[in-house]
Every structure is written in structure tokens, then in C-alpha cells.
Amino acid sequence: IFKNNLENLLEFINAKNTKVIVITWPTLLSNNMTTDEKIKCFSTMEWCAYLNEKDFYKLYQEYNEIIREASNKKNVILLDAADYFARLKDRSDYFLDHKHLLDKGNNYLAGLIADKMELEGIIHNYSR
């Protein structure tokens, strides 16, 4: 359902000749989380007790892959924020939990978006 809805939305936006940036979902989840990262991710997730950490991470990966494929298929701009955040050395400093960003994470994401918008010619003369 997500894939079809996303593709339909992107098709609708393309028909309006509007630029759109599709952004993957950054997450603190990974296949090699530290103990502190696991506590940060799962201490408030009683509602998700039926998924283990690997399955939960796989779910994020699948959603992000759908976003990547849809942006390619519908020829829209992709900002792979998930990839940028995954490469950070101190990722835990950017997240409140598995998906909610702290100020540092929000500022980093805002910078990524602004950089992408400038690269794509949507904004000009931006400086951080």
C-alpha cells in the first residue's frame, strides 16, 4: 500500500510540474547497535514488543528502499537522509529514540535538505 500511495503521490506532483524532494527515514537502528543505542531505541517501545531489533531495522530498510525506488521510477529528487545519518560516528547524539531527532539531528537534517535544494537549483546562495 505504501509503495502504491507514494508512487501515486509522486505521479500527481509530477503532473503539476512541481519539484519535490523525497527523503528516506533516518534511524538510530542498525545491525550493530551498541548497548546504549539499544536502550535508547527500545526502552519506550513496549507497543512494539512483537518485533525484535533486527526485524524492526529490516522494516526501516524496506521502507527506505521503496522510497529510493519510487523516486527513481518517478524521476524525483532523492535525499537519502538514512544513508547520511547511518554514516555518522556519533549517531546516538542525533536521536532521542529510534526515529525522533534531537536538536542536533534536526539541524543536521535541515542542513542536508538545504544543501540538496541548493544543489538542485531550488534555492540559491545558501550558506550554513
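The values are calculated or read from the model by the stated rules, or taken from the named source; none is laboratory data. As the structure is a prediction and not an experimental result, all values here were calculated from the model. Quick reminder, even Gly has a Cβ in these numbers, built from the backbone with ideal geometry, and neighbours come from all protein chains shown. Keep in mind that these areas ignore ligands, DNA and RNA; they rest on the heavy atoms of the full protein, side chains included. Shrake-Rupley method; radii C 1.70, N 1.55, O 1.52, S 1.80 Å.
Could you tell me what a quarter of the Cα convex hull surface of the chain works out to, in nm² with one decimal place?
Answer in nm², one decimal: 8.9.
With a probe of 1.4 Å, find how much accessible area the chain has per residue, and write the answer as a whole number in Å².
Solvent-accessible surface per residue comes out at 64 Å².
Please list, ordered by chain and number, the residues whose modelled amide H lies under 5 Å from the amide H of LEU78; skip anything fewer than 5 residues away on the same chain.
Counting only residues 5 or more places away or on other chains, the set is VAL22.
Can you flag which of LYS89/LYS116; LYS19/LYS54; LYS38/LYS74; LYS73/LYS104; LYS38/LYS104; LYS3/LYS104 are past 27 Å Cα-Cα?
LYS19/LYS54; LYS38/LYS74; LYS73/LYS104; LYS3/LYS104, as the Cα separations exceed 27 Å there.
In deg cm²/dmol, rounded to 500, what helix-only [θ] at 222 nm does the chain give when every DSSP H run of at least 4 residues adds -39500 (n - 2.57) and the total is split over its residues?
So the calculated ellipticity at 222 nm is -16500 deg cm²/dmol.
Can you give the accessible area of ARG68, probe radius 1.4 Å, in Å² rounded to 10?
Per-residue accessible area (ARG68): approximately 70 Å².
To the nearest Å, what is the center-to-center distance of the stretch 92-108 and the stretch 23-43, using C-alpha atoms only?
11 Å
Using Stokes-Einstein with the Kirkwood hydrodynamic radius over Cα pairs, what translational diffusion coefficient do you get for the stretch 1-60 at 37 °C and a viscosity of 0.692 mPa s, in µm²/s rounded to a whole number?
So the translational diffusion coefficient is about 231 µm²/s.
Let me know the longest stretch in the chain that avoids all chymotrypsin sites (Phe, Trp or Tyr not before Pro) found in a DSSP loop with at most 15 other C-beta atoms within 10 Å.
51-125
Would you mind telling me the share, in percent, of accessible area of the stretch 1-67 contributed by carbon and sulfur at probe 1.4 angstrom?
55 percent
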